[in-house]
Structure formats: C-alpha cells, structure tokens
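One structure below.
The values are calculated or read from the model by the stated rules, or taken from the named source; none is laboratory data. No experiment lies behind these values; they were computed from the predicted model shown. Positions of Cβ are backbone-derived with ideal geometry, glycine not excepted, and every protein chain shown enters the neighbour counts. Each accessible area value is taken on the protein alone, full model and side chains, heavy atoms only, with ligands, DNA and RNA left out. Shrake-Rupley method; radii C 1.70, N 1.55, O 1.52, S 1.80 Å.
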Amino acid sequence: MLFRVHSAAVFGVKAHPVSVEIDLSFGEKLLLTTIGLPDAAVRESGQRVKSALRNCGFPLPKQHITISLAPADLRKEGSAFDLPMAVGILGASGALHGVDLSAFLFMGELSLDGRVRPVKGALSAAAMARERGLSNLVVPEENAPEAAVVEGVRAYPVRDLLQVVELLGGAEMPPPLEVDRRRLLDEHGCYAVDFRDVKGQRQARRAMEVAVAGGHNIVLIGPPGSGKTMLARRLPTILPPMDFDEAIETTKIHSVAGLLSGRAGLVAARPFRAPHHTISDAGLIGGGVSPRPGEVSLAHNGVLFLDELPEFQRRVLDVLRQPLEDGEVTIARASMSLTFPARFMLAAAMNPCPCGHHGDTLHTCSCTPPMIQRYLARVSGPLLDRIDLHIQVPAVQYRDLADSVPAEDSATMRGRILAARAIQEKRLAPFGIRCNSGMGSRALRQFCRLDAASEKKMEGAIARLGLSARAYDRILRVSRTMADLDGCGGIEARHVSEAIQYRTLDRDYWR
C-alpha cells in the first residue's frame with residue numbers, strides 16, 4: 001500500500017517541498033529502506049522511527065518498508081523527516097484509515113520513546129506551506145510559536161507521537177495555536193539598555209545619531225575604558241522599530257541557525273551580534289559542509305559590532321566587503337549555492353595604538369611610531385573606505401562621571417532619527433532605497449549638490465587628506481544625513497565640515 005505525507009527541506013533560509021512516500025511490500029526480508037538522496041541523519045531516521053512506533057504501542061507492519069523522499073535530486077538533511085515518516089508508516093499500515101492529509105505538513109524529530117523534538121527552520125517551512133496551499137502544520141511544541149506567526153497557516157503543537165495520532169484521528173480537530181502578532185512586536189521589541197546611561201561623550205553620541213539616521217557604518221577609536229563598547233551596545237535602541245516583514249525575515253535566519261527561543265516565536269528586537277576577534281571567516285560570513293548563516297546574517301536588520309578591530313585576522317575582515325556592498329552573502333558549494341541576507345549596520349571599536357593610550361592625557365603611551373603604524377595597518381584601506389564615520393572617543397572626565405543631570409535617553413534620540421528617516425524614504429523611494437547610506441552615484445548627483453562654500457571646504461579636504469573617490473562619496477552621504485536631521489533642504493558648509501571631521505583615519509591622526 002502506498003501512502004504520501006508532505007514535509008519540507010530547508011536550505012539557507014528557504015524551504016522546499018518534500019513528499020514523503022511510503023510503500024509496503026512483501027519480500028524475503030523485513031527491511032526499512034530510505035531513498036531520495038538522504039544524508040546520514042536521514043538514513044538513521046529509520047531506526048528512530050521504528051523504536052518510536054514500537055514504544056508508543058503501534059505494531060510495525062510485517063512488510064518491507066520503502067520510504068522515498070521526492071524530489072529525488074534534492075539532497076535531504078537533518079532529522080525533521082522523522083515525524084512525517086512515522087505518520088506515513090501508520091497511514092500505509094491502515095492506522096489512519098479515512099484521514100485526509102492532503103493539506104497537512106509535518107516536521108519533527110522523534111526520540112526513541114516517541115516524543116517529538118524541535119527542529120530548525122519551522123518558520124521557513126510555514127511560509128512555504130502557505131505558498132503551496134498547505135494550511136495545516138503539525139510541528140513540535142517548541143516550534144509552534146514561530147510557525148504560528150505566518151498568517152493563513154494553522155500550527156498544531158504536538159508533544160509526542162500518540163498526540164499526533166489523536167489529533168489526526170479525532171472526530172473534531174483541536175484549535176491551533178493562536179498568536180497576536182502585533183503584541184509580539186510590542187512586547188519583544190524592548191531593550192534592557194538606554195543611552196541615558198552614558199556619561200559625557202557628547203560628540204560620540206552625536207555621531208551615533210548621525211550614523212543611525214543615515215544607516216552609516218561607524219568605527220570608534222579611543223583608550224580602554226572610554227565607553228566604546230557601552231555606546232555600541234546601545235545602537236539598537238535608537239534604530240527604527242522593526243516592522244513585521246523585517247521581523248519575519250530576521251526570525252527565519254535565527255530559526256535555521258537554531259537560535260530561536262521557543263517561547264518568543266518572533267525576533268522583534270534589532271539583533272546585536274558581537275563576535276570575538278578569534279572568529280574564522282566561515283564563522284563570520286557563514287559556511288560549512290551544509291552552509292549555515294554566519295554572524296553577518298545573524299546581524300541582519302540589526303548591528304554587527306567588531307570590538308578590538310585590528311585584532312581580527314585581516315582575511316576575516318576583508319570578506320566583509322561583499323555583504324557591506326551587496327547586503328547579502330553567497331556561499332557556493334559543489335552541490336549547491338545559497339544566498340543569505342546580510343543587511344546590517346557595522347559598528348567597530350579599536351584602540352589608537354597597541355597599548356591603547358596614545359593621545360590619552362591621563363596615561364603615557366609606550367608605543368613607538370612604527371608600532372602604531374603596524375597596528376593600524378592591520379585594518380585594510382578598502383574596509384576603512386566602507387566605514388563612513390571614524391569617531392574619537394576620549395577618556396571620560398570626572399566632571400562628566402559626577403554629573404547628576406541625566407543624559408538624553410534613547411527614545412528622544414530615536415524621535416529625531418525617525419523624522420530624518422521619513423524624509424529620506426520619501427526622497428529616495430523612486431530609487432528603491434530607504435536611507436542615505438544606500439545612495440548610488442545618480443542619487444548623489446541629484447540630492448547632494450554643494451554650494452560654493454561647501455565646494456571650497458570639500459576641495460581643501462581632498463587636497464589636504466588625499467581622500468579616495470569612495471571617501472568623497474561617503475562624506476556627501478553623511479552631510480546629506482546631517483542636513484536631514486536639521487531639517488535643511490540642502491547641504492550647508494557646516495554639514496560638510498562636520499562630516500570631514502568624522503574621517504579621523506583619513507586624516508592619518510597618529511602619524
């Protein structure tokens with residue numbers, strides 16, 4: 001007897017439909033054979049499924065079981081096919097007689113006692129199910145909240161195989177899991193930190209506001225203990241709130257990476273990823289035999305923070321060029337090529353020299369000029385060209401630490417940023433971009449015209465600092481963002497002057 005069950009295979013952040021076909025036939029030996037390009041985990045599913053069925057009290061059919069995973073040319077990976085295999089065997093043996101499973105999709109790993117364990121990529125599978133007209137999802141209890149956020153799909157959480165059979169064989173289907181999508185965004189889009197905690201550092205706070213308003217990348221340079229990390233960790237609190245589409249896109253990445261909390265079901269707060277400087281290029285960009293998202297993709301729609309920037313291996317930093325330019329990462333393998341989204345704001349922090357005290361009025365620097373130059377040379381020029389703002393963060397003075405007047409909070413800063421973003425979105429809508437950092441040459445020519453005073457300042461800066469063409473464009477974009485924050489229709493000389501001041505490394509500050 002032949003029985004068919006729907007399931008899904010997840011590659012990258014996209015799910016592909018898989019038909020699990022079960023055939024029972026008589027032969028000389030009672031075997032369970034899995035075909036359809038299964039990997040080791042899928043081939044092991046047969047033993048888990050047989051033990052789960054036996055321990056739940058379901059008799060195994062006394063026939064040869066052939067399980068085909070179609071399409072046969074798509075490689076099947078992971079343990080998510082355990083549950084659809086078990087349901088298919090029960091259906092082929094007559095235990096689910098009269099049950100119509102044409103609109104059901106099953107995912108889940110089985111333990112030997114029949115419990116259903118969580119799997120990766122349930123949200124991607126739910127999105128694919130909706131596109132294919134599969135309105136019912138039977139998924140592990142831990143995966144149900146993420147599957148339920150997809151509109152038009154009913155997610156049924158199950159704990160074990162017995163509950164699955166009761167669900168399918170009952171005269172009346174129990175209600176699916178319901179989630180309030182708007183409430184999830186409001187409840188989980190909160191942060192435990194705030195810019196009101198930052199003492200002093202007015203210039204750095206201003207630069208942070210400019211960076212977020214225009215979607216610009218930023219690097220903070222200063223001695224140890226000056227508050228660089230503290231400032232960077234508060235960047236997500238002034239980013240615009242995530243809309244539902246952004247939250248779904250971000251949640252998909254965290255789901256396939258296995259980092260999603262089962263209770264939340266939706267990543268509603270902007271991600272903040274801070275990998276250690278010993279990370280490999282595969283850990284940063286993504287990869288592996290079965291490619292998984294790296295830190296740049298996990299930071300999608302949020303912030304990627306690289307602390308101690310010169311301590312990262314140079315080849316690791318250089319692989320950041322593609323995602324910074326394209327907003328995505330493509331990982332090619334012999335069997336497949338996967339693309340992960342990677343639109344993030346890059347924030348980095350570094351000391352001014354190996355000992356960290358060059359230019360510090362409170363400590364003496366022990367580094368020689370050649371040591372300082374070798375230290376700075378660890379960060380390549382092309383990468384620095386892709387960072388719009390280079391900000392000096394000096395040591396905090398005592399009077400700032402002792403000041404009892406509370407600093408401006410994140411909500412106030414975010415209000416100005418949202419107003420500037422609204423101006424940019426309206427202006428840049430015909431170009432299909434949302435903020436100034438994404439402006440190309442045509443948009444720059446149209447919206448970043450300079451008056452005579454601004455032209456003079458820019459010409460002097462290029463001659464004095466030897467700026468590259470890319471750095472020139474960065475200054476124009478940052479100037480445009482400052483004008484938007486001030487509500488100015490055009491770029492003024494003061495905006496250009498301030499933007500040039502935010503190119504510390506171009507000014508070769510430490511020579």
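Ala129 meets all of the listed conditions (1) crowded, with 24+ Cβ neighbours inside 10 Å; (2) under 19 Å from Gln163 (Cα atoms); (3) among the hydrophobic types (A, V, I, L, M, F, W, C) but one, namely (2).
Of the residues Ala420, Ala429, Ala395, Ala411, the single one that is at pLDDT 90 or above and open to solvent by less than 40 Å² (accessible area, probe 1.4 Å) is Ala420. Scanning the range 449-474 for residues that are free of Cβ contacts under 8 Å to residues at least 60 places away in the same chain and crowded, with 21+ Cβ neighbours inside 10 Å returns Ser454, Met458, Ala461.
Within the range 190-209, track down each residue that is among the β-branched types (Val, Ile, Thr) and buried (at least 16 other Cβ atoms within 10 Å of the Cβ). Walk me through it before giving the result.
Taking the range 190-209 and keeping what is among the β-branched types (Val, Ile, Thr), we get 193, 198.
Once the filter is applied, which keeps residues that are among the β-branched types (Val, Ile, Thr) and buried (at least 16 other Cβ atoms within 10 Å of the Cβ), the range 190-209 yields only Val198.
Residues in the range 202-253 that are in contact with a Ser or Thr (Cβ under 6 Å, 6 or more places away or on another chain) and under 19 Å from Pro323 (Cβ atoms): Gly214, Gly215, His216, Lys252, Ile253. When restricted to residues that are surrounded by 14 or more Cβ atoms within 10 Å (Cβ to Cβ) and not hydrophobic (A, V, I, L, M, F, W, C), the range 356-373 contains 7.
When Glu311, Glu325, Glu295 are screened for being among the charged types (D, E, K, R) and within 12 Å of the chain's Cα centre (by Cα), only Glu295 passes.
Suppose we keep only residues that are among the polar types (S, T, N, Q) and within 30 Å of Ala247 (Cα to Cα) within the range 336-360. Which one would you say is modelled with the highest pLDDT?
Taking the range 336-360 first, the residues among the polar types (S, T, N, Q) are 337, 339, 351.
Then keep just the ones that are within 30 Å of Ala247 (Cα to Cα); that gives 337, 339.
Values: Ser337: 82, Thr339: 89.
Within the range 336-360, the match that is modelled with the highest pLDDT is Thr339.
Taking the condition under 30 Å from Tyr375 (Cβ atoms) and in contact with a His (Cβ under 7 Å, 6 or more places away or on another chain), does Glu311 pass?
Numbers: under 30 Å from Tyr375 (Cβ atoms): yes; in contact with a His (Cβ under 7 Å, 6 or more places away or on another chain): yes.
Taking the combined requirement at face value, the residue satisfies it.
I'd like to check something: does the range 325-333 contain any residue that is modelled with pLDDT under 85 and within 21 Å of Arg292 (Cα to Cα)? Scanning the range 325-333, I find at least one residue that is modelled with pLDDT under 85 and within 21 Å of Arg292 (Cα to Cα), so the answer is yes. The single condition from (1) β-branched (Val, Ile, Thr); (2) farther than 19 Å from Leu220 by Cβ; (3) in contact with a His (Cβ under 8 Å, 6 or more places away or on another chain) that Ile331 fails is (3).
Give the residue, chosen from Glu166, Glu178, that is surrounded by fewer than 17 Cβ atoms within 10 Å (Cβ to Cβ) and under 26 Å from the mean Cα position of the chain (by Cα).
On the way: Glu166 fails: under 26 Å from the mean Cα position of the chain (by Cα).
Just a single option satisfies the conditions, and that option is Glu178.
Here Val153 meets each of (1) among the β-branched types (Val, Ile, Thr); (2) surrounded by fewer than 22 Cβ atoms within 10 Å (Cβ to Cβ); (3) under 21 Å from Gly12 (Cα atoms) with one exception, condition (3). Of the helices (runs of 4 or more DSSP H) that lie entirely inside the range 1-99, those containing 3 or more residues that are open to solvent by 40 Å² or more (accessible area, probe 1.4 Å) span 45-55.
The set of residues in the range 362-405 being assigned to a loop (DSSP other than H, G, I, E, B), under 26 Å from Val319 (Cβ atoms) and of a type outside the set (Ser, Thr, Tyr) consists of Ala377, Arg378, Val379, Arg386, Ile387, Asp388. Step by step: first the residues of the range 432-448, then only those that are in a loop (DSSP other than H, G, I, E, B) and open to solvent by less than 40 Å² (accessible area, probe 1.4 Å), then the one that is nearest to Arg206 (Cα to Cα). Which residue is that? Filtering first and then ranking leaves Cys435.
Looking at Ala264, Ala274, Ala269, Ala332, which is the one that is free of Cβ contacts under 8 Å to residues at least 24 places away in the same chain and open to solvent by 10 Å² or more (accessible area, probe 1.4 Å)?
On the way: Ala264 fails: free of Cβ contacts under 8 Å to residues at least 24 places away in the same chain; Ala274 fails: free of Cβ contacts under 8 Å to residues at least 24 places away in the same chain; Ala269 fails: free of Cβ contacts under 8 Å to residues at least 24 places away in the same chain.
Criteria check complete, one pass: Ala332.
Among Glu142, Glu172, which is modelled with pLDDT under 95 and under 14 Å from Leu110 (Cα atoms)?
Numbers: Glu172 fails: under 14 Å from Leu110 (Cα atoms).
The conditions single out Glu142.
Within the range 213-247, restricting attention to residues that are crowded, with 18+ Cβ neighbours inside 10 Å and among the hydroxyl-bearing types (Ser, Thr, Tyr), the residue that is farthest from Gln397 (Cα to Cα) is Thr237.
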